[in-house]
Amino acid sequence: RGVSATFDQAGRRAPDGRAVDPTLIVDRTTTVRFLALTTLVLAQLFDLATFQWMVAQHGLHAELNPIVHDLFESYGMAAVVGVKVALIVLVGALFVAAWSRREGYVRAVAGGLPVALAIAAGLIGGITNAATILH
């Protein structure tokens with residue numbers, strides 16, 4: 001018999017009655033944290049992929065963000081990818097640090113707000129890029 005992971009299992013038994021290894025127990029908070037970080041990465045990758053596609057189809061003049069425009073013009077796609085990776089790592093690190101050490105309001109502002117803003121920025125950027133591609 002193997003061991004099975006459970007979600008928010010208060011006891012040490014799986015639903016089928018088998019003993020559960022406590023190191024395999026995954027609570028809802030861990031799941032939410034994982035989903036938040038995964039959504040952050042996917043939103044930023046969506047923005048990056050649509051940016052690359054848009055520039056290939058319409059040229060750099062289609063990019064409305066002056067920071068990204070200048071970065072790409074001066075240093076190329078490698079710099080844009082590097083900045084995206086740095087953004088994901090920085091915001092992800094803030095999120096993990098805030099959620100592991102703080103409680104309440106500080107956790108929400110220091111960890112949750114940057115993640116929410118980075119997700120929103122990635123989605124807005126990707127959607128506007130996609131709209132330009134389709135136009």
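At a glance:
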quantity: Candidate set from region 80-134 (those that are touching a Gly at 6+ places or on another chain (Cβ under 7 Å) and open to solvent by less than 30 Å² (accessible area, probe 1.4 Å)); member that is farthest from Arg33 (Cα to Cα); calculated: Ala98
quantity: Among the candidates Gln57, Gln52, residue that is assigned to a helix (DSSP H, G or I) and either of a type in the set (Lys, Arg) or over 22 Å from the mean Cα position of the chain (by Cα) (or both); calculated: Gln57
quantity: Residue list for region 39-64, filter: exposed (fewer than 14 other Cβ atoms within 10 Å of the Cβ) and either of a type in the set (Asp, Glu) or closer than 17 Å to Ile124 by Cα (or both); calculated: Ala49, Leu64
quantity: Any pair with Cβ under 6 angstrom, 6 or more apart, that starts in region 113-135 at a residue that is closer than 16 Å to Gly59 by Cα and assigned to a helix (DSSP H, G or I) and ends at one that is open to solvent by 80 Å² or more (accessible area, probe 1.4 Å) and charged (D, E, K, R); calculated: none
quantity: Matching residues in region 30-83 - criterion: being at pLDDT 95 or above, within 30 Å of Ala97 (Cβ to Cβ) and among the small types (Gly, Ala, Ser); calculated: Ala43, Ala49, Ala78, Ala79, Gly82
quantity: Residue satisfying condition, being among the aliphatic types (A, V, I, L, M) and either more than 10 Å from the chain's Cα centre (by Cα) or outside any helix (DSSP H, G or I) (or both), within set Val41, Val106; calculated: Val106
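The values are calculated or read from the model by the stated rules, or taken from the named source; none is laboratory data. None of the values given here were measured: they were computed from a predicted structure. Because the Cβ atoms are built from the backbone with ideal geometry, glycine has one as well, and the counts that use them run over all protein chains shown. Remember, those area values only see protein heavy atoms, side chains included, never the ligands or the DNA or RNA. Shrake-Rupley method; radii C 1.70, N 1.55, O 1.52, S 1.80 Å.
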